[in-house]
Structure formats: structure tokens, C-alpha cells
Amino acid sequence: MKKILFVCIENSNRSQMSQAFAKMLGGNEVEAYSAGSKPSGLVNPKAIAAMKELGYDLAKHESKSLDDVKEFAPFDAVVTMGCGDACPWMPAKQFIDWQIPDPKHMEPEQFNEVRDLIAGKVKQLLTGLK
């Protein structure tokens, strides 16, 4: 079982979708978590809609802080979404930074392009962790 933490600033879009894809693609072989360095307190409705198109109910997720997930450390991988210094250190075997644009203010078509980019990156990550 591999444990992965996805981190962005608000934990409302990119890290939430990454966690969802890790659960969808990794099945029982992956424990996926997400958190934010400054969580917004909610999951973006655009992210919920984008994942619903793929059959995943992101409405069940909550926006969490790093303190909320530190009990699950150490992780096999901590993946940040390109937010740099805003994402503090967490115990892990490896740290990966994905340069993914924040889709928060994007129109649905562009938002879904970011969603699909995340799906591809999660797929590569899971293949690399096996």
C-alpha cells in the first residue's frame, strides 16, 4: 500500500482532484490524501462538477489543512502543485512538484483541461511508485 499526499494552497481544486484520481486509478493499492497550506474551507463547485463528469463524487471531500493529515505521515510521496514556498515540508520518501496552473477562475473547458492534465500526472505517478 502506497501513501500519497497532494498539497496545494487552498485544497479546493488541484490537490482535491489529484486525490480523487489516485483513489480512482490506484484502487486498494493507494491511500491518497490532500491538504492545503491555507485551506479555503470548501471544495470548488467547478472541481465537483468536473469530477462528476467522470463519475467521481468530490462533494464528499472536505478542504483540509496540513495539520489535519500529518497523523498519516510518513508518506511515500508528497506532491505539490507548483505552489512553491507556500507548501511546507511533510515527512515523505520523495517530494515531487507539479507545475499545474490554478484552474479556480477558468471556464469549464479550460478547467477540464487542467483536470485531464492532473489525471495523466497521477497515472504516471502511480506507475512510478509500483
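What do you reckon, is Val43 touching a Leu at 6+ places or on another chain (Cβ under 8 Å) and farther than 27 Å from Lys130 by Cα? Yes: the conditions hold for Val43. The residues in the stretch 3-21 that are within 13 Å of Met90 (Cβ to Cβ) and not hydrophobic (A, V, I, L, M, F, W, C) can be counted, and the count is 2.
On the given criteria, is Val79 touching a residue at least 40 places away in the same chain (Cβ under 8 Å), closer than 12 Å to Cys8 by Cβ and touching a Ser or Thr at 6+ places or on another chain (Cβ under 9 Å)?
Working: touching a residue at least 40 places away in the same chain (Cβ under 8 Å): yes; closer than 12 Å to Cys8 by Cβ: yes; touching a Ser or Thr at 6+ places or on another chain (Cβ under 9 Å): yes.
Yes.
Within the stretch 53-74, can you find the residues that are free of Cβ contacts under 8 Å to residues at least 40 places away in the same chain, within 16 Å of Phe6 (Cβ to Cβ) and in contact with a helix residue (DSSP H, G or I) (Cβ under 9 Å, 6 or more places away or on another chain)? Across the stretch 53-74, the qualifying residues are Tyr56, Glu62. Scanning the stretch 30-51 for residues that are in contact with a Ser or Thr (Cβ under 9 Å, 6 or more places away or on another chain), at negative phi and surrounded by fewer than 16 Cβ atoms within 10 Å (Cβ to Cβ) gives Lys38, Ser40, Leu42. Residues considered: Pro108, Pro103. Of these, the only one that is in contact (Cβ under 8 Å) with a residue 24 or more places away in the chain and surrounded by 14 or more Cβ atoms within 10 Å (Cβ to Cβ) is Pro103. Of the helices (runs of 4 or more DSSP H) lying entirely inside the stretch 1-90, the ones with 3 or more residues being closer than 14 Å to Leu126 by Cα and not polar (S, T, N, Q) are found at 14-26. Taking residues in the stretch 112-124 that are farther than 22 Å from Pro45 by Cβ, and partners anywhere that are surrounded by fewer than 17 Cβ atoms within 10 Å (Cβ to Cβ) and modelled with pLDDT of 95 or more, the pairs with Cβ atoms closer than 9 Å and at least 6 places apart or on different chains are Lys123/Leu25.
The values are calculated or read from the model by the stated rules, or taken from the named source; none is laboratory data. In this text the structure is predicted, and so the values were computed from the model without any measurement. Neighbour counts are summed over all protein chains in view; Cβ atoms, including those assigned to glycine, are modelled from backbone coordinates with ideal geometry.
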